[in-house]
Amino acid sequence: MQSTTNIKHFHGGLHLDYHKEISKQSAITACLPQQRYVIPVQQHIGVAGEIIVEKGQRVLKGQMLASTKKLISAPVHSPVSGTIVEIGKHAVLHPSGMEADCIIIENDFQDEWVERNPVAENYHQMNSHDLRNIIRNAGIVGLGGAVFPAAIKQTEININTLIINGIECEPYITCDDRLMQERAKEVLSGADIIGHIIKARECIIAIEDNKPEAAAAIQVAIDEDNTDFFRLQIVPTVYPSGSEKQLIKIITDKEVPMNGLPADINTLCQNVGTAYAIHQAVFKDEPLISRIVTFTGGGIHQAQNLEVLIGTYIADCIEQCGGYTKDAYCMIMGGPMMGYSINTDQLPVVKASNCLLVSNSDEIHPVNTEAHMPCIRCGRCVEVCPSKLLPQQLYWHASTGNHERVAEYHLFDCIECGCCSYVCPSQIPLVQYYRNAKSEIWALEADRKKSDAARARHEAREHRLLLQKQEREERLRKKREMLNEKKGKSEENEIDAKKAAITEALARVKKKKETQAVTPKNTDNLTADQERQIKEADQRRKATENKNNE
Amino acid sequence: MLFRKASAPFINAQANVHSIMYQVLYALIPGTLAAIYFFGWGVLINLVIAASICLLSEALVLKLRARPVSTSLKDGSALITACLLALALPPLVPWWLTVIASIFAIVIAKQLYGGLGFNLFNPAMVGYIVVMISFPREMTFWTAPLGAVDSWLSFGDTFSIIFHGVLADQSSIDSVTMATPMDTLKTQIGLENDIESTRNHEVYGALFSNISGTGWQWINILFLLSGLWMIKQKVIDWRIPVSFLLSLLLISNFFAVSDYASYPSAVFHLFSGGTMLCAFFIATDPISACTTPKGRWIYGAGIGVLVYTIRNWGGYPDGIAFAVVLMNMAVPLLDYYTQPRIYGKNEVE
């Protein structure tokens, strides 16, 4: 086996108690067929598909139940042949225990498949686009836990290195381990298909050194393949080396840029389970209707790796594992570091379900979220943080709701691996504080966007009203102007007429006055006395005239 | 079947603050025993006074603040403060001085800031500084260590000095007090005597030993060993002691080499006074120290430079308390500007 000496390390990380031996020896066993399957429409990151079947309709195994036209989305398929008995809300696997749209199928136990036309070895001649379509239509999503639609990541632009992630760094989980041990050839075949799509130059299969059997099986398959395309890389067992960014750092010594993608540094990372599913889709034309799930922990009688059809109730699987032990205490979906607890087993297995850990009370020690000691700034969290954050500072600002500072300390680069909470001597539920802060900021962001939109709408309305008002005023003004013009003209005429009349009248008066000007009559042969009297009368008249004129 | 709900991660290292604090307390034991061995009953009496007053005032304030008293008292942090104070104070200080220092450390410097985890300054050092500034005369009440004298001061005399200010036979305490080696050197160098002649002086010579001061060197060696054990146990971070000791070593060596007659050697500085206690027990108090790796280097180095500066050119015999508190002030700034480069930052886009 290869040594691990030539590889790089990421910052921090933990050495944990892995407890993988509980389920490690259990070979993959098919889960028994059940009466009823519940298929959530949304099992991936992105937009939910569109339901294309109806209640009462008979469906075949592998038939598409919900299709999708959106880019970041994935279809779901029927795991069995049978009848759709209901389409509606049903409780699904979610930390909040929420309900979501599900298609419920009654199994007819005929196991009748839809028509399948596998392309098989012909994929070598196919182009990337067509192959991506096959993967997309098979509903394949990242099975490492992120459930991001797989085909979207598989771009052929500038990707040199394909990393197949067989790390499985969470304690207890062994589903990928068993898959690699038992179906190494198929995993490599799937990796080869991805490599063909993205035109990769090399493919590195990364496995932690606590899984020597899986590594040996993969090595045998690589030797048989004999193409130089594949290379096995054993990496030291450190949590969380299975995290995409950390694994890329280990393998390539490069870091995925902040806010960037692995493609930015010419790599693509896919889980072994995803590679296997792609092999099934291409070689058997089987959509993703089953996955391997580890059922483990001291809370069930017999730990097992079951190949479970999507939609099977957890309770049915547990029954096949011999049921619960008396001290079953906490049921965790996923691993103990990043999983979430659920309080009922009446939930269907989905594409993301890699492990169901039913623990007894000795196995887990969740921190007390109500009361913890204050942070003493010891810095142990800084030592273990694989993102090189300052968890204690993040906590300080997150607990006081200082969103600005929290963002400055790169809250959104936290991968929520839980290393900081694990080592905290004050037992502070740090990850929970970060999740809360993130969702608070998201909510605020959404609120801000909403209020921005509302403000924009309000401002648009105001603007529209203003425009209308201005238009109306403009119209009125024009009207008024028009009226005024008309009115103004007639007034002018009137004034002119008046003026003319006045001058006319004045002229008439003048004329009259002129004609009426006093001409003395019979003034011949007047006596002096008479003349004096006339003179006096003239003077008086003049005086009165003057007086009047004044 | 219904199950308990909880939040990830569901497992943890089960470390706790109490065990950290108690490991610090255990680590303090050898050096404290050595201090008692060399300086006698006074250290023990100081320890009893400081511990009882610290615990009492902590309990009182916690009750006033309506906080759980017993869990907080049990965390051991008040005992550490008491222990550091008792070791820093001269063994013959009056009882009320220890009381004032303890109350100030716990009530003002710790609880008024919000208690454990919220204090900006090292409580013990704040308490020490308050009495150092207020009662400088009493703060010189050191005795000669065993080795320089043949036997301890009797319990009766020590008790009488601490509680009545005079020896049991009512005579002045001046006959039993003696300056520390570091203070002696400082005074003698100030009087134009060189180090060599002071070390061979008929009276003061007994205060010096082959490494540093009589008694002091063993106390320092024991604190160093306990400190290394704490680093191994991951109770304290190694960066602060390393950077502090390294900076003190480099700067003292620089001056000692340039003028060996007036500047004590680096070895003398490293094993004198409170150097090792500071390196592993005071400067490493995580609450008041820097929390970023780079910040811790700067913080430790800063204390080293300040300690040396105050020891050589300052007005006080030892500069630990002032150096630590001054660097405490710089912590928020250092933490802010020494954030590590996070994963993926400044990678080629």
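Here is a check on your reading of the model: is B:PRO286 within 14 Å of chain A (Cβ to nearest Cβ) and modelled with pLDDT under 95?
Judged against the criteria, B:PRO286 is a match.
Restricting the search to region A:68-92, which residues are closer than 16 Å to A:ALA48 by Cβ, outside any loop (DSSP other than H, G, I, E, B) and modelled with pLDDT of 90 or more? Reasoning before the result, please.
Of region A:68-92, the ones closer than 16 Å to A:ALA48 by Cβ are A:68-77, A:87-90, A:92.
Adding the requirement that they be outside any loop (DSSP other than H, G, I, E, B) leaves A:73, A:76-77, A:87-90.
Scanning region A:68-92 gives A:VAL76, A:HIS77, A:ILE87, A:GLY88, A:LYS89, A:HIS90.
Take region A:38-60 and flag every residue that is in contact (Cβ under 8 Å) with a residue 60 or more places away in the chain and outside any loop (DSSP other than H, G, I, E, B).
Residues of region A:38-60 that are in contact (Cβ under 8 Å) with a residue 60 or more places away in the chain, as a first pass: A:38-41, A:43-46.
If the condition is that a residue be in contact (Cβ under 8 Å) with a residue 60 or more places away in the chain and outside any loop (DSSP other than H, G, I, E, B), then A:VAL38, A:ILE39, A:PRO40 are the ones that fit.
Here is a yes/no grid of residues against (1) in a helix (DSSP H, G or I); (2) in contact with a helix residue (DSSP H, G or I) (Cβ under 8 Å, 6 or more places away or on another chain); (3) among the small types (Gly, Ala, Ser):
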| site | (1), (2), (3) |
| --- | --- |
| B:TRP297 | yes, yes, no |
| B:GLY300 | yes, yes, yes |
| B:GLY304 | yes, yes, yes |
| B:TYR308 | yes, yes, no |
| B:TYR316 | no, yes, no |
| B:ALA323 | yes, yes, yes |
| B:MET329 | yes, no, no |
| B:PRO332 | yes, no, no |
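Considering only residues of region A:327-358 that are of a type in the set (Ser, Thr, Tyr) and surrounded by 22 or more Cβ atoms within 10 Å (Cβ to Cβ), which is farthest from the other protein chains (Cβ to nearest Cβ)?
A:SER353
For B:SER209, state whether it is under 24 Å from B:LEU87 (Cα atoms), out of contact with any Ser or Thr (no Cβ under 7 Å at 6 or more places or on another chain) and at pLDDT below 85. Write out each step before concluding.
On the way: under 24 Å from B:LEU87 (Cα atoms): yes; out of contact with any Ser or Thr (no Cβ under 7 Å at 6 or more places or on another chain): yes; at pLDDT below 85: yes.
Against the criterion (under 24 Å from B:LEU87 (Cα atoms), out of contact with any Ser or Thr (no Cβ under 7 Å at 6 or more places or on another chain) and at pLDDT below 85), B:SER209 qualifies.
Within the bounds of region A:22-37, is there any residue that is over 24 Å from the mean Cα position of the chain (by Cα), surrounded by fewer than 21 Cβ atoms within 10 Å (Cβ to Cβ), assigned by TED's automatic domain parsing to the domain that holds A:ASP111 and free of Cβ contacts under 8 Å to residues at least 24 places away in the same chain?
Checking region A:22-37: at least one residue is over 24 Å from the mean Cα position of the chain (by Cα), surrounded by fewer than 21 Cβ atoms within 10 Å (Cβ to Cβ), assigned by TED's automatic domain parsing to the domain that holds A:ASP111 and free of Cβ contacts under 8 Å to residues at least 24 places away in the same chain.
Residues to consider are B:ALA279, B:ALA261, B:ALA256; find the one that is surrounded by fewer than 23 Cβ atoms within 10 Å (Cβ to Cβ) and part of a helix (DSSP H, G or I).
Details: B:ALA279 fails: surrounded by fewer than 23 Cβ atoms within 10 Å (Cβ to Cβ); B:ALA261 fails: part of a helix (DSSP H, G or I).
It is B:ALA256.
Could you list, in sequence order, all residues of region B:147-156 that are surrounded by 13 or more Cβ atoms within 10 Å (Cβ to Cβ) and either assigned to a loop (DSSP other than H, G, I, E, B) or touching a helix residue (DSSP H, G or I) at 6+ places or on another chain (Cβ under 6 Å) (or both)? I'd like the intermediate steps shown before the answer.
Of all residues in region B:147-156, those surrounded by 13 or more Cβ atoms within 10 Å (Cβ to Cβ) come to B:147-149, B:152-155.
The answer is B:GLY147, B:ALA148, B:TRP152, B:LEU153, B:SER154, B:PHE155.
Has region B:1-9 got any residue that is crowded, with 24+ Cβ neighbours inside 10 Å and within 14 Å of another protein chain (Cβ to nearest Cβ)? Step through it out loud before you land on a result.
Here is the first cut: in region B:1-9, the ones crowded, with 24+ Cβ neighbours inside 10 Å are B:8-9.
Subset that is within 14 Å of another protein chain (Cβ to nearest Cβ): B:8-9.
Yes, there is a match, as at least one residue in region B:1-9 is crowded, with 24+ Cβ neighbours inside 10 Å and within 14 Å of another protein chain (Cβ to nearest Cβ).
Checking B:PHE271 against (1) at pLDDT below 95; (2) surrounded by fewer than 24 Cβ atoms within 10 Å (Cβ to Cβ); (3) within 14 Å of chain A (Cβ to nearest Cβ), only one condition comes out false. Which one?
The one condition B:PHE271 does not meet is (3).
Listed here are the residues, each with its yes/no results for (1) part of a helix (DSSP H, G or I); (2) small (Gly, Ala, Ser); (3) not assigned by TED's automatic domain parsing to the domain that holds A:VAL141.
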residue: A:ALA263; (1), (2), (3): yes, yes, no
residue: A:TYR276; (1), (2), (3): yes, no, no
residue: A:GLN280; (1), (2), (3): yes, no, no
residue: A:GLU286; (1), (2), (3): no, no, no
residue: A:ILE292; (1), (2), (3): no, no, no
residue: A:GLN302; (1), (2), (3): no, no, no
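Can you pull out the residues in region B:157-171 that are more than 14 Å from B:PRO91 (Cα to Cα) and not in a loop (DSSP other than H, G, I, E, B)?
Within region B:157-171, just B:HIS164 meets the criteria.
Quick check: is even one residue across region A:420-438 free of Cβ contacts under 8 Å to residues at least 24 places away in the same chain and either facing another protein chain (nearest Cβ under 9 Å) or under 27 Å from the mean Cα position of the chain (by Cα) (or both)? It would help to see each step written out before you state the result.
First pass over region A:420-438, keeping only residues free of Cβ contacts under 8 Å to residues at least 24 places away in the same chain: A:431, A:435.
Those still in the list that are either facing another protein chain (nearest Cβ under 9 Å) or under 27 Å from the mean Cα position of the chain (by Cα) (or both) too: A:431, A:435.
Within region A:420-438, one or more residues are free of Cβ contacts under 8 Å to residues at least 24 places away in the same chain and either facing another protein chain (nearest Cβ under 9 Å) or under 27 Å from the mean Cα position of the chain (by Cα) (or both).
For region A:227-252, what are the residues that are farther than 30 Å from A:PRO336 by Cβ and either touching a Cys at 6+ places or on another chain (Cβ under 6 Å) or touching a residue at least 12 places away in the same chain (Cβ under 8 Å) (or both)?
Across region A:227-252, the qualifying residues are A:PHE229, A:PHE230, A:ARG231.
Of the residues A:TYR313, A:TYR324, which is surrounded by fewer than 23 Cβ atoms within 10 Å (Cβ to Cβ), within 13 Å of chain B (Cβ to nearest Cβ), of a type in the set (Ser, Thr, Tyr) and within 29 Å of A:ASP111 (Cβ to Cβ)? Working first, answer last.
Values: A:TYR324 fails: within 29 Å of A:ASP111 (Cβ to Cβ).
It is A:TYR313.
Which condition does B:GLY315 not pass, out of (1) away from chain A (no Cβ under 14 Å); (2) closer than 28 Å to A:CYS381 by Cβ; (3) modelled with pLDDT under 95, if it passes all the others?
(2)
Within region B:1-86, considering only helices (runs of 4 or more DSSP H) that don't extend past its boundaries, which have at least 3 residues that are in contact with a Cys (Cβ under 9 Å, 6 or more places away or on another chain) and either of a type outside the set (Asp, Glu) or more than 30 Å from A:GLU416 (Cβ to Cβ) (or both)?
Working: elements: B:17-39, B:41-64, B:69-74.
Once the helices (runs of 4 or more DSSP H) in region B:1-86 are filtered for at least 3 residues that are in contact with a Cys (Cβ under 9 Å, 6 or more places away or on another chain) and either of a type outside the set (Asp, Glu) or more than 30 Å from A:GLU416 (Cβ to Cβ) (or both), what remains is B:17-39, B:41-64.
Which numbered condition trips up A:ASN368, out of (1) more than 8 Å from chain B (Cβ to nearest Cβ); (2) surrounded by 19 or more Cβ atoms within 10 Å (Cβ to Cβ); (3) of a type outside the set (Phe, Trp, Tyr)?
(2)
Here's the yes/no breakdown for (1) over 23 Å from A:SER243 (Cβ atoms); (2) among the β-branched types (Val, Ile, Thr):
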{"residue": "A:SER290", "(1), (2)": "yes, no"}
{"residue": "A:ILE314", "(1), (2)": "yes, yes"}
{"residue": "A:GLU319", "(1), (2)": "yes, no"}
{"residue": "A:CYS330", "(1), (2)": "yes, no"}
{"residue": "A:MET337", "(1), (2)": "no, no"}
{"residue": "A:ASN360", "(1), (2)": "yes, no"}
{"residue": "A:VAL367", "(1), (2)": "no, yes"}
{"residue": "A:VAL382", "(1), (2)": "no, yes"}
{"residue": "A:CYS385", "(1), (2)": "no, no"}
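On the basis of being modelled with pLDDT of 90 or more and surrounded by fewer than 16 Cβ atoms within 10 Å (Cβ to Cβ), does A:PRO95 make the cut?
Details: modelled with pLDDT of 90 or more: no; surrounded by fewer than 16 Cβ atoms within 10 Å (Cβ to Cβ): yes.
Judged against the criteria, A:PRO95 is not a match.
What's the total number of residues in region B:199-253 that are of a type in the set (Ser, Thr, Tyr) and assigned to a helix (DSSP H, G or I)? Can you show your working first?
Just the residues of region B:199-253 that are of a type in the set (Ser, Thr, Tyr), to begin with: B:204, B:209, B:212, B:214, B:226, B:243, B:247, B:252.
Add one more test, that the residue is assigned to a helix (DSSP H, G or I), and what stays is B:204, B:226, B:243, B:247, B:252.
Matching residues across region B:199-253 total 5.
The values are calculated or read from the model by the stated rules, or taken from the named source; none is laboratory data. Just so it is clear, the structure is predicted and the values come from calculations on it, not from any experiment. Neighbour counts are summed over all protein chains in view; Cβ atoms, including those assigned to glycine, are modelled from backbone coordinates with ideal geometry.
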